[in-house]
Structure formats: structure tokens, C-alpha cells
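The structure appears right after this line, and notes come after that.
The values are calculated or read from the model by the stated rules, or taken from the named source; none is laboratory data. Owing to the predicted nature of the structure, the values given are computational and were not obtained by experimental measurement. When we count neighbours, we look across all protein chains shown, and the Cβ atoms used for this are built from the backbone with ideal geometry, even at glycine. Side chains included, ligands, DNA and RNA excluded: accessible areas come from the protein's heavy atoms. Shrake-Rupley method; radii C 1.70, N 1.55, O 1.52, S 1.80 Å.
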Amino acid sequence: MTLSTSYPPKLFHRLGLSYIFDNSETAGINPATKEYFAAVASQNQNSLVGGNFTTYHARRLAPSYTYSTVNNPYRPTSGHSFTATFEFTGGFLGGDINFYRPSGEFRYYKPVNNGRNTLAIRAMGSFIQSFTNLSVPFYERMFVGGDFDIRGFDFRTLTPISFITRTLPVTDPITSKTMNKPYDDIVYVGGDTQAIFNLSTGFP
């Protein structure tokens, strides 16, 4: 559930505030991912029962500030905008997830070729940090890729990776005996910091 409000104190400026009440349940997690994050100090120790991920309760407050002179929000051809957001989760708000996430985004549009084309620049950055000395839940970490940040890559496919060794039971086809063998596996762990820059041109 999300409740939001905003107010324009003067032309081109807008202040906003959102409250988010979020209960998330995770299931069907990749086994390598589960083992990796079970070995890391989790934000929610109660959510790791026998290495299983269950339910997270997040209570968020997100103030924001926007300055924009963009001429059209759907087909912009001129102007620039800046948006800053500070997401605060947990603490005095309650829940069992505790972190903060500041982020900023700048956009610039300039008509070129006698107004027939538009040059667009976008830069954004963000990082996420726990304030309880524990890790951030894996699904809150940053995965980029897709139409909204880096095109040419599938959604959420750009991420740091980690290598782990998992022990799995294997049945010998000759003796039919089961034994444990080590296997190398890859975990897509997500990032805690991201910086994205886009340069594009628009034309009819």
C-alpha cells in the first residue's frame, strides 16, 4: 500500500512525500542464491529458518524533490529536470527491514537539426546501506538492464556475481550409491551502488 502527496512551492519545483506499507514473501529462490545469502548476515534473522526465505515486513518513508523545465513529459524536446529521493525503511517506522537509499536523476533535452531531432542525456545514481550492520535483503539490491536504464540487455541481468561451492548428493550410475560432491556455482548477488549514464537521440 502506498500513500503519496506532493506540493509545488513555486514554478518548476515540487516537493513530495510517500509512505509505503509492504509485506513481501519470497519463494522459489534459486538454490545457489539461497545458500549464498543464508551465509551472509541477513537484515531479518527470523526470515532464515533452515536456510529458507519467508516474509519481510517493510515500512518506508520517501521524501522527494523535483525541479523540471521539461516541455512535455511524454515526448520531451527541450528542458531539463532533476529529481532527488531519500528512501528510509524501518527504524522508528517499524517492520523488520532497516536501510536507507538516496538516489538522484538528471535529464536534459535539446532540440537539434532545426528542431527535427532531440538530443537526450540522462544520468542517475543511487546506493543502498543498512543502518543496523546487517545486510540488505537480496531483492532490494540493485539489478539493472532493460528499457528503462541500459537497453540491449534483458531486465535485471546486469549485476555483480559471486562464485560459491555447493555440495550436492550424486548417485553413482554403476554402484547406485549416493555420495556428496562439490560443485561450483554462480550467484547473481545484485549491487549496493549504481551509476547509469544514457545518451540518445530522438527523431520522427
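Under the 0.36 nm per residue contour assumption, what length would be gained going from the current alpha-carbon distance of K10 and T201 to full extension?
Working: separation 191, 0.36 × 191 = 68.76 nm, distance 3.09 nm.
Length difference between fully extended and current span is 65.7 nm.
The mean accessible area for residues of the chain, using a 1.4 Å probe and ignoring ligands and nucleic acids, is 62 Å² per residue. Put simply, the amide H of S78, placed in the peptide plane, has neighbours under 5 Å in N71, N72, leaving out anything fewer than 5 places away on its chain. Working ranking of peptides 188-194, 170-176, 110-116 by packing, defined as the average number of other Cβ atoms within 10 Å per residue, highest first, is 188-194, 110-116, 170-176. Heavy-atom accessible area, probed at 1.4 angstrom with all protein chains present, ranks K181, K34, K10 as K10, K181, K34, highest first.
What ranking of V40, V136 comes out by heavy-atom accessible area, probe 1.4 Å, highest first? Before the final figure, lay out the partial values.
Numbers: V40 55, V136 10 Å².
Of V40, V136, the descending order of accessible area is V40, V136.
What separates the Cα centres of region 54-87 and region 1-28 is a distance of 9 Å.
Each distinct pair of alpha carbons in region 108-176 adds a 1/r term; the inverse of their mean, the Kirkwood radius, is 17.4 Å.
In this view, the solvent-accessible surface of F138, computed with a 1.4 Å probe and all protein chains in place, comes to about 30 Å².
Any chance you could check the Cα centroid distance between region 92-116 and region 140-155 for me, in angstrom? When both Cα centres are located, 15 Å separates them. Counting protein heavy atoms only, region 134-204 has 59 percent of its accessible area on carbon and sulfur, 1.4 angstrom probe.
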